[in-house]
Amino acid sequence: AQSVAQPEDQVKVAEGNPLTVKCTYSVSGNPYLFWYVQYPNRGLQFLLKYITGDNLVKGSYGFEAEFNKSQTSFHLKKPSALVSDSALYFCAVRREADDKIIFGKGTRLHILP
Amino acid sequence: DTAVSQTPKYLVTQMGNDKSIKCEQNLGHDTMYWYKQDSKKFLKIMFSYNNKELIINETVPNRFSPKSPDKAHLNLHINSLELGDSAVYFCASSPLIGEQYFGPGTRLTVT
């Protein structure tokens, strides 16, 4: 089955520490991978994407993600967390075959002051 | 200069009523979507249109009917509203294989 897994419902990190939000995927064909952030009572905002090329992609607000084909993962990272990074983060994959987009269930990130 | 806009932002209505949500994007994208986000924040695609043509129609009750008068607009009409339809509905648009741009959402409450 085609899917996206975000194994952690929530992640807590102290401000200034590095953060990682995990995402693994299972799709046939080449995946197009995305990370989005959702602040309370707002729509989702695009952070970064992997389509092709360098496995390490950089995005908005200092976030980056590494595409790992052998582990079918696309973890979101940031070297130094800010309290303002606290939000709900979604990983998504677009299947090349039919353009269908599948979202993970979301990971709530809490950055502790 | 809002990129993706939705109206209304809040919608409170009674069971059995019919309601519509409108969406407009000024990004020039060919593809538009409707998503439903439930109370647990799960996000599920409902429909996708590419240049006014329906390309994704997920398992959604036929009480939900999307309409795309042109590629900048994708409206959602819901007939005979049920309690379980209460959710936040998001419209989004994208270029063909790029990232999606989401609207602010419409919070639908059915009483």
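Values quoted throughout were computed directly from the atomic coordinates according to the rules given, and no laboratory measurement underlies them. None of these values were measured; they are calculated from a predicted model. Cβ coordinates were reconstructed from backbone atoms using ideal geometry, including for glycine residues, and neighbour counts include every protein chain displayed.
Below is a table of values for the structure above.
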read-out	value
Binned Cα-Cα distances of the stretch A:3-112, short to long, each 5 Å bin given as a whole percent	2, 13, 25, 26, 19, 9, 4, 1, 0
Filter on A:Lys12/A:Lys49; A:Lys77/B:Lys67; A:Lys78/B:Lys36; A:Lys49/B:Lys44; A:Lys105/B:Lys71 - keep pairs with C-alpha separation over 27 Å	A:Lys77/B:Lys67; A:Lys78/B:Lys36; A:Lys105/B:Lys71
Mean-position separation - Cα centroids, the stretch B:7-60 and the stretch A:1-40, in angstrom	24 Å
Leading residue at positive end of dipole, chain B (Cβ point charges), from B:Val110, B:Ile45, B:Ile55	B:Val110
Descending Cα extents along the principal axes, the protein assembly as shown, whole Å	50, 39, 37
Given 16 as the ceiling on other Cβ atoms within 10 Å, longest exposed-site-free region of chain B for trypsin sites (Lys or Arg not before Pro) in DSSP loops	B:64-111
Fluctuation leader among B:Met46, B:Met32, B:Met15 - chain B, Gaussian network, Cα springs under 10 angstrom	B:Met15
D_trans [Stokes-Einstein, Kirkwood Rh over alpha-carbon pairs] for chain B, 37 °C, 0.692 mPa s, µm² s⁻¹	237 µm²/s
